[in-house]
Each structure stands twice: as structure tokens, then as C-alpha cells.
Amino acid sequence: MTEQDLSGRVALVTGGSRGIGRAICRRLAQAGAWVAVNHSSSDEAAAETLAEIRADGGEGGVWRADVSSFAATDAMFGSIEAERGPVDLLVTNAGIASFQDDVDMPVDLWRRILAVNLDGTFHCVWRAKEGMRAGGDGRIVCISSINGLAPTTMRPDRLIAYGTSKSAIIGFARNCAVAFGPAIRVNCVAPGLVDTDMTRDMSEEMRQRIVAGTPAGRTGTPEDIAALTHFLLSDAAGFITGQTYVASGGLVTLP
């Protein structure tokens with residue numbers, strides 16, 4: 001057994017049907033965790049994620065729930081607990097963004113983005129914390145974004161609601177790390193531009209501008225983010241909590 005072995009662990013990954021979430025699900029399952037794949041509407045995509053987990057020799061299940069609803073989140077946790085026991089590894093990855101001009105952003109869109117990204121993170125952490133505190137070794141990674149650290153200057157749409165939600169997630173994780181320690185470790189991952197369905201509508205011109213400003217000289221992959229998330233959930237990161245790790249190829253850096 002290695003420091004990054006997750007055998008015997010029960011993991012829940014929200015937004016696990018595609019992109020970064022799917023890569024995290026696969027990575028955790030490959031490390032030995034039993035993985036609950038959450039999604040809100042993509043039955044076929046979630047089934048594909050589970051099929052890939054099983055093809056790799058891993059185990060898991062699929063749960064459909066809109067994490068912006070605490071009732072739905074509570075029911076999902078209850079079902080997982082009934083089947084496998086308490087969740088002791090949690091990745092809050094579910095999120096949405098709008099790439100329209102923020103000057104014309106309707107109030108309802110602001111509320112929806114905050115409801116999914118921020119409230120969804122809160123609902124999952126709040127529901128998981130009691131089981132994790134009782135177990136004494138809970139681990140949480142909240143997926144934020146570099147837009148939560150620095151407003152974008154490379155896009156015509158400034159992503160005000162998205163960036164605000166991701167900034168708030170970082171603050172929430174820091175406070176939870178202090179409140180829940182030592183029984184639970186809580187950290188954030190802030191990805192830069194990653195090649196996923198969410199970013200594929202970006203123009204090639206804009207993509208190349210971002211890559212040109214990235215010291216690593218490329219976009220990220222979902223597997224890049226999955227590897228970092230796995231590390232933070234593992235014994236190898238046992239003295240790390242309350243931190244935000246940036247995975248942006250150097251596009252954004254922390255002091």
C-alpha cells in the first residue's frame with residue numbers, strides 16, 4: 001500500500017459525468033476508492049463514466065441529484081450511506097458558467113450560477129461533515145478556478161457571477177478547514193484553462209491567446225486536475241489543509 005492508495009474509501013464526486021469530474025472519478029477508482037458519480041441531468045454521460053471506472057477494474061455507482069437543492073443533496077447522501085456507508089472523500093466539482101456579456105446578465109442567471117457553484121458546494125460539505133467528523137479522517141477537495149483568484153482580462157465576457165462563486169468557494173474551504181480540523185482536511189484546486197466541454201465553445205483565437213500567456217505552453221487536461229485532486233485526498237497530503245492549489249500552467253500564480 002502506498003501513500004496515495006485509497007482502498008476502502010467511499011468517494012463522492014459531484015459533476016462526475018464528464019470533463020474534470022469524470023477524470024477525477026476514474027483516478028480515485030484506480031487508486032482503490034469506491035466512487036459515487038453524481039450528475040444532475042446527463043444519465044448517458046454518467047453511465048459512460050461508470051463504465052470507464054469498471055473497465056479499469058474499479059467500482060462505483062451513479063446518483064442523479066441537483067446539488068443546488070439541499071433536499072436532493074441530502075437524499076443522495078442518504079442513499080449512498082445506505083449502500084456503502086459514510087462518504088469520507090468528497091470532491092465538489094459540479095459547476096456552471098455563462099459566457100455571455102456580464103453587462104447584460106439577468107439577475108436570474110446570477111442566482112442560478114451561485115446556487116449551483118456555491119450553494120451546491122455548501123450543501124455537499126454540510127451534509128458530509130457529520131459522518132466525516134465521526135470517522136475522524138474526512139477529506140474534501142473543492143474545485144474552484146483561477147477566475148476565483150484573478151478576474152479574467154483575456155475574455156470579452158468577464159464572468160462576474162462565475163468568478164464570484166469561485167472566490168467564495170475558496171473562502172468557504174479555508175473557514176471549513178479551520179472549523180472541522182483535525183477530523184477533516186479541506187482544500188481547493190483552482191484550474192486554469194482545461195480542455196473540457198465547458199471550454200470548447202471558446203474561439204480558437206481566444207484559446208491561442210490564453211496558451212500564449214501560459215508558461216507551460218498548453219491548455220490543461222482533465223487528468224492534470226485529477227492527479228492533483230487525488231494527491232490532496234491521499235495520505236501523502238496529510239499535513240495540508242486550508243490551501244488552494246493552482247493548476248494553470250503558470251497563467252496565474254499565488255504568492
Any pair with Cβ under 6 angstrom, 6 or more apart, that starts in region 36-59 at a residue that is surrounded by 15 or more Cβ atoms within 10 Å (Cβ to Cβ) and ends at one that is among the aromatic types (Phe, Trp, Tyr) and at pLDDT 95 or above: ALA36/TRP63; ASN38/TRP63
Matching option when the condition is within 21 Å of ILE20 (Cβ to Cβ), modelled with pLDDT of 95 or more and among the aliphatic types (A, V, I, L, M), among ALA128, ALA161, ALA150, ALA82: ALA128
Candidates ILE184, ILE169, ILE143, filtered to the one that is farther than 23 Å from SER69 by Cα, modelled with pLDDT of 95 or more and surrounded by 15 or more Cβ atoms within 10 Å (Cβ to Cβ): ILE184
Criterion violated by VAL211 - all others in (1) over 18 Å from LEU90 (Cα atoms); (2) in contact with a strand residue (DSSP E or B) (Cβ under 7 Å, 6 or more places away or on another chain); (3) among the β-branched types (Val, Ile, Thr) satisfied: (2)
Subset of region 102-127 that is touching a residue at least 60 places away in the same chain (Cβ under 8 Å) and not β-branched (Val, Ile, Thr) - its residue that is surrounded by the fewest Cβ atoms within 10 Å (Cβ to Cβ): CYS124
Conditions (1) surrounded by fewer than 19 Cβ atoms within 10 Å (Cβ to Cβ); (2) under 20 Å from the mean Cα position of the chain (by Cα); (3) small (Gly, Ala, Ser); (4) part of a helix (DSSP H, G or I): number failed by SER98: (4)
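The values are calculated or read from the model by the stated rules, or taken from the named source; none is laboratory data. This structure is a prediction, so every number in the text was calculated from the model and none was measured. For neighbour counting, all protein chains shown are included, and Cβ atoms are generated from backbone atoms with ideal geometry for every residue, glycine included.
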